[in-house]
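So the structure is just underneath, and the comments pick up after that.
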Amino acid sequence: MIRVESVTVRADDGRAILEDLTVEWDQARVGVIGANGSGKSTFVRLLNGLVRPDVGAVHVDGLLVDRNL
């Protein structure tokens, strides 16, 4: 299961890329769609631990992603 809890990611200039995002799912496949610049790549990088949230937490199978790369 993947759980994203109240995550906010900000750019270097302080602009919010993802703001107060909360998602939970346990499906094998999930599609992420959106317009250019909407934060899709940042969202996937967040799930992989390549980007750390400024606020909130990301859990994959019960493990906190930014502590268990």
Matching option when the condition is among the charged types (D, E, K, R) and surrounded by 10 or more Cβ atoms within 10 Å (Cβ to Cβ), among 29, 45, 15: 45
When you go through (1) among the hydrophobic types (A, V, I, L, M, F, W, C); (2) loosely packed, with under 10 Cβ neighbours inside 10 Å; (3) assigned to a strand (DSSP E or B) one by one for residue 35, which number turns out not to apply? (3)
Please state which of the following conditions residue 47 fails to meet, knowing it meets all the rest: (1) at pLDDT 95 or above; (2) closer than 10 Å to residue 3 by Cα; (3) of a type in the set (A, V, I, L, M). (1)
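The values are calculated or read from the model by the stated rules, or taken from the named source; none is laboratory data. Fair warning: this is a prediction, and the values are worked out from it, not measured in the lab. A quick note on method: Cβ atoms are made from the backbone with ideal geometry, for glycine too, and the neighbour counts reach across all protein chains shown.
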